[in-house]
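Okay, so here's the structure we're looking at.
The values are calculated or read from the model by the stated rules, or taken from the named source; none is laboratory data. What you see is a predicted model, and the numbers here were worked out from it, not measured in a lab. Quick reminder, even Gly has a Cβ in these numbers, built from the backbone with ideal geometry, and neighbours come from all protein chains shown. Keep in mind that these areas ignore ligands, DNA and RNA; they rest on the heavy atoms of the full protein, side chains included. Shrake-Rupley method; radii C 1.70, N 1.55, O 1.52, S 1.80 Å.
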Amino acid sequence: MKTGFVALAGRPNAGKSTLLNRLVGQKLAIVSDKPQTTRNRITGVRNFADGQVVFVDTPGVHRPLHRLNVRMVDAALEALREVDVVTAVVDASEPSGAGDRYVMDVIRNVRQPRVLALNKVDLLQKEQLLPIIERYDRTVGFSDIVPVSALSGDNVDRLERVILSLLPEGEPLYPDDHLTDQPERFFVAELVREQVLQHTRAELPFASAVVVDRFEEADEKGILRLYCTILVERESQKAIVVGRAGAMIKSIGTAARQELERFFDLRVFLDLHVKVRPDWREDERALDELGLPKARRGARRPKR
Ligand SMILES: Nc1nc2c(ncn2[C@@H]2O[C@H](COP(=O)(O)OP(=O)(O)OP(=O)(O)O)[C@@H](O)[C@H]2O)c(=O)[nH]1
Ligand SMILES: [Mg+2]
């Protein structure tokens, strides 16, 4: 049996979370077309006939302008030190620039075997692919480079075989029904935040966060009751999230409730509030309360 931890790392918006969900076969990480969607490490376990892989989705590596983003990038860099195999995820449909070079400098310096998942190949012509593969092969050097589409699932099975071949031998780390390390509350907050991201534009997606105030287990009618607060930084942002006569918060709530019902396979009552917490992105205490990972410099790999 092969077993171990595999990080999915790369720039914001490369498709890491889409790939995690595809690899695990379940929606564990929220996805959006805006960068910096993922703020925490998210684990997802996949069992194969010949092994068990703990995939670790990470926040996109970018130049951090707020304390929130410092924590996000730290969490990603730390994950790279803890895993057995690093999978760099690149959006092959985007021209490579300074951000890409920065990430590749980080990847070049990891000690573990590294694989490149060239993602979004559904947006490319076949003949565009070869020069990209050659460039990464020449400039970074990978054990393997696998073109994939996380969206369609195309070639993801090949990526899985490559990753398994690079993992150490060992017994499974988790029982085979263990899917993730994140608690249920985490998924509640994330699924609500996903709808905030989908319904808003410009600064708002970056300036909002979700706190679960109360999580009431399903009652005898089978209804799960969830009470959440959406944090924003300014009154003007609150006005947008609430919307005219509450129209926006209502449609965020309806969409989030449907996602939550699918996730928990239960009927859900969802209560949403909007609260202004000025500059929460710079506020270490707020970030702690939101469960954003504290930088643990020099942390060791997870216990086995
Ligand atoms: N066409 C296409 N789009 C994709 C593919 N994979 C992801 N996307 C889209 O790319 C966008 C970003 O996807 P995410 O999975 O959120 O990207 P991420 O790397 O996790 O982003 P951060 O969490 O912000 O770092 C979404 O709109 C996805 O639907 C793919 O293979 N093909
Ligand atoms: Mg993500």
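Within straight-line reach of residue 294, meaning a Cα separation under 19 Å, sit the following lysines at least 8 residues removed in sequence or on another chain: 303.
Rolling a 1.4 angstrom probe over region 178-251 with all protein chains present gives an accessible area of which 52% lies on carbon and sulfur atoms. Summed over the residues of the chain and divided among them, the accessible surface reaches 49 Å² per residue at a probe radius of 1.4 Å. Working from Cα pairs under 8 Å separated by at least six residues, relative contact order for the chain is 19 percent. Divided by 2.2 N^0.38 Å, where N counts the residues, the Cα radius of gyration of the chain comes to 1.02. Here each label is just a point 7 Å from Cα along the line to Cβ, and for residue 82 and residue 262 those points are 2.9 nm apart. Placing a label point 7 Å from the Cα of residue 133 along the Cα-to-Cβ line, no residue of region 6-40 has its backbone N under 17 Å from it. As an equivalent ellipsoid, region 153-304 spans semi-axes of 33, 22, 17 angstrom, where each value is the square root of five times an eigenvalue of the C-alpha gyration tensor, largest first. Taking 0.36 nm per residue of separation and subtracting the Cα-Cα distance, full extension of the segment from residue 294 to residue 185 would add 37.4 nm. Summed over all non-identical Cα pairs, the Kirkwood treatment of region 195-281 gives a radius of 13.5 Å. When the P(r) is computed for region 106-203, the part past 19 Å accounts for 65% of the Cα-Cα pairs. Calculated FRET efficiency, residue 34 to residue 218, Cβ-Cβ distance, R0 = 41 Å: about 0.80 to the nearest 0.05. Placing a label point 7 Å from the Cα of residue 173 along the Cα-to-Cβ direction, the residues of region 71-92 whose backbone N falls under 15 Å from that point are 78-87.
Only beta bridges with both residues in the chain are counted; by DSSP, about 30 percent of them are antiparallel.
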